[in-house]
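Got a structure for you, questions after.
The values are calculated or read from the model by the stated rules, or taken from the named source; none is laboratory data. This structure is a prediction, so every number in the text was calculated from the model and none was measured. Backbone-built Cβ (ideal geometry, glycine too); neighbour counts: all protein chains shown. Remember, those area values only see protein heavy atoms, side chains included, never the ligands or the DNA or RNA. Shrake-Rupley method; radii C 1.70, N 1.55, O 1.52, S 1.80 Å.
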Amino acid sequence: MFCGNTLSVLLCVLIKSRNLFYLSSVRTTTFILKMSNSSPSTGVAVMHMQSPPVNSLSLDFLTELCIGVEKLEMDKGCRGLIITSVLSPKVFSAGLDILEMYGKSPERCGEFWKAVQEMWLKLYGSNMTTIAAINGSSPAGGCLMSLTCDYRIMADNPRYSIGLNETQLGIVAPFWFKDTMVNTVGHRNTELALQLGLLYKPAEALKIGLVDQLVPEDQVLAVATQTMTKWLTIPEHARQITKSMMRKPTLDKLRSNREADIQNFVSFITKDSIQKSLRMYMEMLKQKKA
Amino acid sequence: MFCGNTLSVLLCVLIKSRNLFYLSSVRTTTFILKMSNSSPSTGVAVMHMQSPPVNSLSLDFLTELCIGVEKLEMDKGCRGLIITSVLSPKVFSAGLDILEMYGKSPERCGEFWKAVQEMWLKLYGSNMTTIAAINGSSPAGGCLMSLTCDYRIMADNPRYSIGLNETQLGIVAPFWFKDTMVNTVGHRNTELALQLGLLYKPAEALKIGLVDQLVPEDQVLAVATQTMTKWLTIPEHARQITKSMMRKPTLDKLRSNREADIQNFVSFITKDSIQKSLRMYMEMLKQKKA
Amino acid sequence: MFCGNTLSVLLCVLIKSRNLFYLSSVRTTTFILKMSNSSPSTGVAVMHMQSPPVNSLSLDFLTELCIGVEKLEMDKGCRGLIITSVLSPKVFSAGLDILEMYGKSPERCGEFWKAVQEMWLKLYGSNMTTIAAINGSSPAGGCLMSLTCDYRIMADNPRYSIGLNETQLGIVAPFWFKDTMVNTVGHRNTELALQLGLLYKPAEALKIGLVDQLVPEDQVLAVATQTMTKWLTIPEHARQITKSMMRKPTLDKLRSNREADIQNFVSFITKDSIQKSLRMYMEMLKQKKA
């Protein structure tokens, strides 16, 4: 359905529908934000993540993502956002870019973490209806990004997995990752998932409520679009207030602790022992490939 | 089983059992409180809601209900309360009376909202064991009323539904509706249910824990009565303290914010846009009937 | 598998494995702490509770347990703790010793309650991975002890049950029992379980998440040991921080209210009406036996 590189994606889509248009300012090398709406009142944006090889959340990627989401948020014509990946073989997002955490200065680590916070605050607090069309594996930060959405549709492919597996790398999911997980699957599932760094197959993820629906791999985006249509029938103002009521306490916890959370991350990640854990993890990944 | 109007209900019951007696002060045109107990220590009251056509929670209805519950609460002989409907075709309660929110003065809206709060505080905080015998549809405020009870038994009839569907009307369930829902079905189910204003069929409601048990329609009250018997075997004092421990934090949140919550409701509901939403909803209901 | 008295247990084990050793200071008449580790980095302690007839949590038992757990906590070589029972017929633990609450002075009751608090604080806040190998019934305080663990494996024997059944005795599970239960099975299940003092059969306990896994009775300890091996592969520091993040708010609630909680317990338990309830319960137990 999607072609192999940025240019061809654009061409494919333009051929299919002349109603689609693009926020050119956010069409970059790292990802594409495609805004597809026939009328201002039914506007749905689709964010096609395309940052090979695995949509890692680098500082650059996060910065562009935040700018893109902020523009959509201010666009009265845009009421829904679908997040998906166009990588092949399929990965939704491999999560935070380890290279941003390894061998970097405290200042740079702090800057990176601030961008991670910003991404979460923008997505979890979005006024839009947000749907994750999870068409590939989604560990760690990729799982977090999915969890910020209002609804999660995952490809029913047992080769994919999703979860906050930070402890497996010797690092720790911060309190707001944890809070988002608790809000989704409850305290007990989160305790097990985070302590063991569990990655769930789609069927298991559905069972504990980590995703809401499984569909055949080639229908993920189509079902996400249909689902969005249903959500957009709800009176907008009432839905937004309701969403904010559900999520504000969780958002406020980070908003009032951003600086301390950054300091906490920086002092943890720059420890020798943690840097060593990260190096070992990267070497293990290399060996897996080889 | 129940006859078609207030007078016949009374007659039917008196014929069946001479042990039953009535709190005449709360036998009104809007509803009947039937107190059935053979001995003071096993007293169970049954509140038969009968306010045609759909047991809407009007200011009058709520006021009478609160007076009735308060009397039962002070009656040492009464330890359990079953809430059910005697309307035919069956509706448990259609929830808050829209007519109390449409075209009314801010003062009147505030008075109404205070009565809704009072109903919730009295029922959710009741020392009695409370069981909802849900023998009909139970949207919005009707669902809230069910959620205040210790146990929910619903008629297994797929024509009935239950849920907090406020957003569908363009209005918003307040934080204490939300808290009660979260306490019952968890954060994630509540987020989905409230944003989309979902109404659940009995089987779906059972699945997410919105009701505790489904029974054939003609056995709802009988099973409620049997269930009550089981609850009343638990040492009373210990059960009351336990119930209070579970619910007090949620009750206190409203108790310490009643006035602000009323102001919030009044300023929201009297907005032109919301009044317009309500008018559209009422017109849609009329068209459905026609 | 286990022999009938303390001495034979020790002999049996010593014959089976020369790698096992014992913390002699905590090998007492009430229970045995067996520390089985082949190397300091993979150390797992197994606490075999053996206080006939039903592993009641007396003041002595609790005191010794806390000393034992504290020693393990300080032992860098010990990373995991499995709690199980060696009684036959099988009871995991019958919970708090009623004799410590009946006919005792307020001072003694306060001392007892402080020890119950200490047990919970030590186990729920343990840095070790803790697994409950529930090879028998586990009511009240026995259930609480299980709930403090990171994972619960129960014998799939329908004669066994588990739950916080305090209200059945006319007493009340304190807020931190409740909090631990809510963290495990959620608010609604806890509301039902605590109000009714429900004891769950293994299959029911699994269904609501009160235990994590059922296994044939003779495999409980073996599966617990295998499970522990899996947990110990997780980087230790990251797992400990994660566990603390999940449990600290719950632990802090009691830590900052210990004295008030003790006063509350003492004034409740020394009431004439509660003492009468306890006497009636003990007489009922005697009649059951006879």
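Determine whether C:Glu166 is free of Cβ contacts under 8 Å to residues at least 24 places away in the same chain and surrounded by 22 or more Cβ atoms within 10 Å (Cβ to Cβ).
Considered against the rule, which asks whether it is free of Cβ contacts under 8 Å to residues at least 24 places away in the same chain and surrounded by 22 or more Cβ atoms within 10 Å (Cβ to Cβ), C:Glu166 comes out as no.
Output the residue which, of all residues in segment B:168-197 that are over 19 Å from the mean Cα position of the chain (by Cα) and of a type in the set (S, T, N, Q), is farthest from B:Ser244 (Cα to Cα).
B:Gln168
Separate question: Does B:Gly136 fit the bill of being touching a residue at least 24 places away in the same chain (Cβ under 8 Å) and closer than 24 Å to B:Ser88 by Cβ?
yes
Another question, then. When you check B:Ser146 against the structure, is it touching a Lys or Arg at 6+ places or on another chain (Cβ under 9 Å), more than 16 Å from B:Leu59 (Cα to Cα) and in a helix (DSSP H, G or I), yes or no?
Judged against the criteria, B:Ser146 is a match.
Kindly indicate the residue of segment C:140-159 that is open to solvent by 10 Å² or more (accessible area, probe 1.4 Å) and within 26 Å of C:Lys122 (Cβ to Cβ) and also farthest from the other protein chains (Cβ to nearest Cβ) among those meeting that condition.
Ranking the candidates gives C:Ala140 first.
Do any helices (runs of 4 or more DSSP H) entirely within segment B:175-279 hold 2 or more residues that are open to solvent by less than 10 Å² (accessible area, probe 1.4 Å) and within 10 Å of chain C (Cβ to nearest Cβ), and if so, which?
By residue number, B:236-255.
Conditions (1) without any contact (Cβ under 8 Å) to a residue 24 or more places away in the chain; (2) of a type in the set (Val, Ile, Thr), marked per residue:
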{"position": "C:Met245", "(1), (2)": "yes, no"}
{"position": "C:Pro249", "(1), (2)": "yes, no"}
{"position": "C:Leu254", "(1), (2)": "no, no"}
{"position": "C:Ala260", "(1), (2)": "yes, no"}
{"position": "C:Ile269", "(1), (2)": "no, yes"}
{"position": "C:Leu285", "(1), (2)": "yes, no"}
{"position": "C:Ala290", "(1), (2)": "yes, no"}
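Name, by its number, the condition in (1) over 18 Å from the mean Cα position of the chain (by Cα); (2) at pLDDT 95 or above that does not hold for B:Glu236.
Among (1) over 18 Å from the mean Cα position of the chain (by Cα); (2) at pLDDT 95 or above, B:Glu236 violates only (2).
Residues checked against (1) surrounded by fewer than 20 Cβ atoms within 10 Å (Cβ to Cβ); (2) at pLDDT below 90; (3) under 12 Å from the mean Cα position of the chain (by Cα); (4) on the phi < 0 side of the Ramachandran plot:
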| site | (1), (2), (3), (4) |
| --- | --- |
| A:Leu65 | no, no, yes, yes |
| A:Lys76 | yes, yes, no, yes |
| A:Ile83 | no, no, yes, yes |
| A:Gly95 | no, no, yes, no |
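Among the residues of segment A:117-139 satisfying the criterion of being touching an Asp or Glu at 6+ places or on another chain (Cβ under 9 Å) and over 22 Å from A:Val215 (Cα atoms), which is surrounded by the fewest Cβ atoms within 10 Å (Cβ to Cβ)?
Checked segment A:117-139; the qualifying residue surrounded by the fewest Cβ atoms within 10 Å (Cβ to Cβ) is A:Asn127.
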